[in-house]
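The values are calculated or read from the model by the stated rules, or taken from the named source; none is laboratory data. Values in this document were obtained by computation on a predicted structure and should not be read as measured data. Every residue, glycine as well, gets a Cβ built from its backbone with ideal geometry; the counts of neighbours run over all protein chains shown. Please note that ligands, DNA and RNA were not included when accessible areas were found on the heavy atoms of the full protein model with its side chains. Shrake-Rupley method; radii C 1.70, N 1.55, O 1.52, S 1.80 Å.
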Amino acid sequence: MRWSAVVLAAGTSSRMEGRNKLLLPIGDKPVIRRTVEHVVAARPHEIVVVTGCQGRDVGKAIVDLPVTVHPNLPFEEGQMTWVAAGVGALANATDAVMVCLGDMVLLDTQDYLDLVGAYEVATDSSIVIPYCGEERGNPILFAASYAPEVVAGDRKLGCRKLANGYPNEVHRHVAAHDRYTTDMDTPDDYERIRRRFAERE
């Protein structure tokens, strides 16, 4: 199965007290680089990284990686526009699209591959969403046939609306860990994640 990845790296980090969370260090690398390196290692067919706030600096952090950096100028309009921009920028034919969050630095390569495996096994579903218990996580993986709806004009769906619009097509990938549900929005989140990463290393 061919699958492609869209990594969302366009946000303003509005709850991070003036810092761009994607540029904060985890170990010796910025958050966005660690995230994208794990996506690259999962070997998708194509990777688009959608940038916005401080897009030049975010792009520099991953400049040598095999990805397409796609600036989304109206990034302040919200995540649905980032998803639409990234999916619309995919240049190659694919069977499925995985939409990843740039700040989910605890996810490793196997976590991304596990989602792909769940999609391949769940042949009666066209959308795969990870869960930890009843908590919904990210990334989401969906059939490429939904791409026109995701990018089309005023009908920009975003991942949550896409899943809510096709509930019978959703397969829950229940994980035994919380990495799919651990993102980083506040300074406290960053400190917790930084400590977890250090302990894991």
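Here are the numbers for the structure shown:
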{"item": "Residue count, the range 1-20 (criterion: within 21 Å of ALA85 (Cα to Cα), in contact with a Ser or Thr (Cβ under 8 Å, 6 or more places away or on another chain) and at pLDDT 95 or above)", "result": "6"}
{"item": "Condition check for GLY137: on the phi > 0 side of the Ramachandran plot and of a type outside the set (Val, Ile, Thr)", "result": "no"}
{"item": "Qualifying residue in the range 137-146 (condition: surrounded by fewer than 18 Cβ atoms within 10 Å (Cβ to Cβ) and in contact with a Phe, Trp or Tyr (Cβ under 8 Å, 6 or more places away or on another chain))", "result": "no"}
{"item": "For THR51: the one exception among (1) among the polar types (S, T, N, Q); (2) surrounded by fewer than 18 Cβ atoms within 10 Å (Cβ to Cβ); (3) more than 18 Å from ALA144 (Cα to Cα)", "result": "(2)"}
{"item": "Conditions (1) out of contact with any Cys (no Cβ under 6 Å at 6 or more places or on another chain); (2) in contact (Cβ under 8 Å) with a residue 60 or more places away in the chain; (3) not basic (Lys, Arg): number failed by THR12", "result": "(1)"}
{"item": "Index of the failed condition, ASP111 passing every other in (1) of a type outside the set (Val, Ile, Thr); (2) under 22 Å from ALA198 (Cβ atoms); (3) surrounded by fewer than 18 Cβ atoms within 10 Å (Cβ to Cβ); (4) touching a residue at least 40 places away in the same chain (Cβ under 8 Å)", "result": "(3)"}
{"item": "Enumerated helices (runs of 4 or more DSSP H) restricted to the range 110-201, each holding at least 2 residues that are more than 19 Å from the chain's Cα centre (by Cα)", "result": "187-200"}
{"item": "Which listed residue is surrounded by fewer than 19 Cβ atoms within 10 Å (Cβ to Cβ), β-branched (Val, Ile, Thr) and at pLDDT 95 or above, from VAL128, VAL121", "result": "VAL121"}
{"item": "Answer residue from the range 54-64, given it is open to solvent by 30 Å² or more (accessible area, probe 1.4 Å) and touching a helix residue (DSSP H, G or I) at 6+ places or on another chain (Cβ under 8 Å) and is nearest to ARG34 (Cα to Cα) among those", "result": "ASP57"}
{"item": "Hits in the range 9-43 (condition: closer than 13 Å to TYR112 by Cβ, open to solvent by 20 Å² or more (accessible area, probe 1.4 Å) and touching a Phe, Trp or Tyr at 6+ places or on another chain (Cβ under 7 Å))", "result": "HIS38"}
{"item": "Number of positions in the range 65-99 that are surrounded by fewer than 24 Cβ atoms within 10 Å (Cβ to Cβ) and among the small types (Gly, Ala, Ser)", "result": "5"}
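So that you can scan it fast, the table gives a plain yes or no per residue for (1) modelled with pLDDT under 95; (2) small (Gly, Ala, Ser); (3) closer than 30 Å to GLY27 by Cα:
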site: ALA96; (1), (2), (3): no, yes, no
site: ASN138; (1), (2), (3): no, no, yes
site: ALA144; (1), (2), (3): no, yes, no
site: ALA152; (1), (2), (3): yes, yes, no
site: LEU162; (1), (2), (3): yes, no, no
